[in-house]
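> The structure is given below, and queries will be raised subsequently.
The values are calculated or read from the model by the stated rules, or taken from the named source; none is laboratory data. Treat the numbers as computed from the prediction; the structure is a model and nothing was measured. Every residue, glycine as well, gets a Cβ built from its backbone with ideal geometry; the counts of neighbours run over all protein chains shown. When the accessible area is computed, the model is the full protein with side chains, heavy atoms only, and any ligands, DNA or RNA have been set aside. Shrake-Rupley method; radii C 1.70, N 1.55, O 1.52, S 1.80 Å.
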Amino acid sequence: MTTERPRPPMRAGERETLRGYLDFHRATLAMKCDGLSDEELRSRSMPPSTLSLLGLVRHLAEVERTWFRRVINKEDIPLVWSPDGDYQAAYEPGTATRADAFDAWRTEVGHARRIERAAPSLDVTGHQPRWNAEVSLRTVMLHVTLEYARHNGHADFLREGIDGVVGA
């Protein structure tokens with residue numbers, strides 16, 4: 001499978017630009033995982049770290065769920081991988097598979113896109129309890145994009161360590 005990565009717009013309004021860069025980084029993560037087996041996706045960077053490509057996919061499913069569904073959409077739902085609210089649980093893939101991780105991730109991305117598109121403006125707000133602050137959809141989109149960008153840097157190193165593939 002080869003992931004197609006959309007080009008972000010170079011001349012667009014704020015919302016379209018935020019959406020474009022977020023989708024670019026979502027696709028970059030998927031590209032970093034293309035062609036790898038479940039075992040390779042579970043490969044850790046360097047013990048004792050639990051960082052793996054599969055763990056990143058699982059973590060970013062939690063990020064999407066938390067920021068879009070729990071914060072902006074105000075849904076009272078548990079995390080995907082931890083009913084106790086342990087954000088670190090996603091990093092421990094155990095015997096998780098590509099199918100399980102990517103199904104959850106794609107589901108949460110779909111919800112996030114629906115919530116963003118349904119919002120009347122980027123000024124819609126939700127409460128982020130960890131920050132004890134009201135945050136706008138604008139802030140959420142920027143924060144989630146930055147979260148992907150940071151973790152895509154990790155994904156670059158992880159992928160290179162698995163099979164030598166570099167760049168995206």
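> From the residues in segment 91-111 that are among the aromatic types (F, W, Y) and modelled with pLDDT of 95 or more, which one is nearest to the chain's Cα centre (by Cα)?
Going through the qualifying residues, I end up with W105.
> Of everything in segment 112-127, what is crowded, with 16+ Cβ neighbours inside 10 Å, of a type outside the set (G, A, S) and under 18 Å from the mean Cα position of the chain (by Cα)? Give them in sequence order.
R113, I115, E116
> Looking at A104, is it out of contact with any His (no Cβ under 9 Å at 6 or more places or on another chain) and surrounded by 15 or more Cβ atoms within 10 Å (Cβ to Cβ)?
yes
> Starting from residues that are open to solvent by 10 Å² or more (accessible area, probe 1.4 Å) and assigned to a helix (DSSP H, G or I), keep the ones in segment 31-41 and report whichever is farthest from D100 (Cα to Cα).
For segment 31-41, the residue satisfying everything is M31.
> Filter segment 50-96 down to the residues that are of a type in the set (S, T, N, Q) and open to solvent by 40 Å² or more (accessible area, probe 1.4 Å), then identify the one that is nearest to D34 (Cα to Cα).
Looking at the filtered set, the residue picked out is T95.
> Looking at segment 16-29, is at least one residue at pLDDT 95 or above and over 19 Å from N152 (Cβ atoms)?
Yes, that holds for at least one residue.
> Right, another one. If you go through segment 154-165 one residue at a time, do you hit one that is acidic (D, E), outside any loop (DSSP other than H, G, I, E, B), in contact (Cβ under 8 Å) with a residue 40 or more places away in the chain and loosely packed, with under 14 Cβ neighbours inside 10 Å?
yes
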